[in-house]
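First up is the structure itself, then whatever we jot down about it.
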Amino acid sequence: MSGIVVHLPQGSGGAADGEPGGDAVTLRLGPGEVARFGRGSSAAPVELRLADEAISRLAGEIRVTDDHWQLTNHSTTQSYLVENPEGAGEYLRVSPRRAGAPIPFEFARVVLPTRRGTTVSFQVFAPDHVYLDPPGTGGSWASRTVTAYSLDETATYFLVLVALCEPWLRDLSPVSVPTTPQVVERLRGHATGGRLTARAVSSHIDYLADEKLRIGVPAAAAPEAGAGTGAAERRNGKRDAVVGIALRFGIVREEHLPLLPPRAEPGARGR
């Protein structure tokens, strides 16, 4: 890891005497270096000055290690948030007095609360994450590592999975996971997925949940008269769980969206 860039945009450092202000500050930190933030004082100098009376003189610090960066919260009462602006709402809460919390986001926003109904924040840019090269074909079978989720991106079940995840990948602020009929309609016109029926889509979802992603959805203990409702709840639970796993672990990503046929509705916005 070559280091990080910490950026405090102009006017984002809080309000001094009721007036927003403060120049933009950009810091470049290498492994082993530290940047402190807070209101600051002669006894507690800081590199990032956040001018708000609700923020401690020394509110916290950022420390860069060889392969990630850490956040320490010096406040005794306030939690800080670390948001992933490029994700789907992911964030970390760093509790008071927490030391060296590792931050996994490549682009992060550190947010501190104030008493003015607003927040104070600054940004941290880390280099792209480094991944190991794929293992070679040599070596004995016993010495190989098994992939946690092994999915074939050319298979029809993967196409169904992409259709289920599409609203989140396009940042359409979905209320719920697409239903089976909606998936059937979305894949209409696809060379292979266009022939799928609702029953076939449901079978692919079952296969993803039970075999590929190994998601345990408890059976609903319902009386005989409510059997249909219980089945619907189990089906919805499977779809929700499948989408959650696929998005959290990056199994389905934006680069998979071209697998789907072009969207019919005009003006649909992508990320």
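The values are calculated or read from the model by the stated rules, or taken from the named source; none is laboratory data. Since this is a predicted model, take the numbers as computed values, not measurements. Reconstructed Cβ throughout: ideal geometry from the backbone, glycine too, with neighbour counts over all protein chains shown. These area figures cover heavy atoms from the full protein model, side chains too; ligands, DNA and RNA do not enter into them. Shrake-Rupley method; radii C 1.70, N 1.55, O 1.52, S 1.80 Å.
A few remarks follow.
- Residues in the range 47-90 that are assigned to a strand (DSSP E or B) and within 20 Å of residue 117 (Cα to Cα): 6 in all.
- Against the test of being within 21 Å of the chain's Cα centre (by Cα) and among the acidic types (Asp, Glu), the options 152, 171 yield a single qualifying residue, 171.
- Given (1) part of a strand (DSSP E or B); (2) of a type in the set (A, V, I, L, M, F, W, C); (3) within 19 Å of residue 119 (Cα to Cα); (4) modelled with pLDDT under 90, index of the condition residue 5 fails: (3)
- So residue 107, is it at pLDDT below 90, open to solvent by less than 60 Å² (accessible area, probe 1.4 Å) and touching a Phe, Trp or Tyr at 6+ places or on another chain (Cβ under 8 Å): yes
- Evaluation of residue 97 against the conditions (1) open to solvent by less than 60 Å² (accessible area, probe 1.4 Å); (2) in contact (Cβ under 8 Å) with a residue 24 or more places away in the chain; (3) of a type outside the set (Phe, Trp, Tyr); (4) not in a strand (DSSP E or B) shows that the sole unmet condition is (1).
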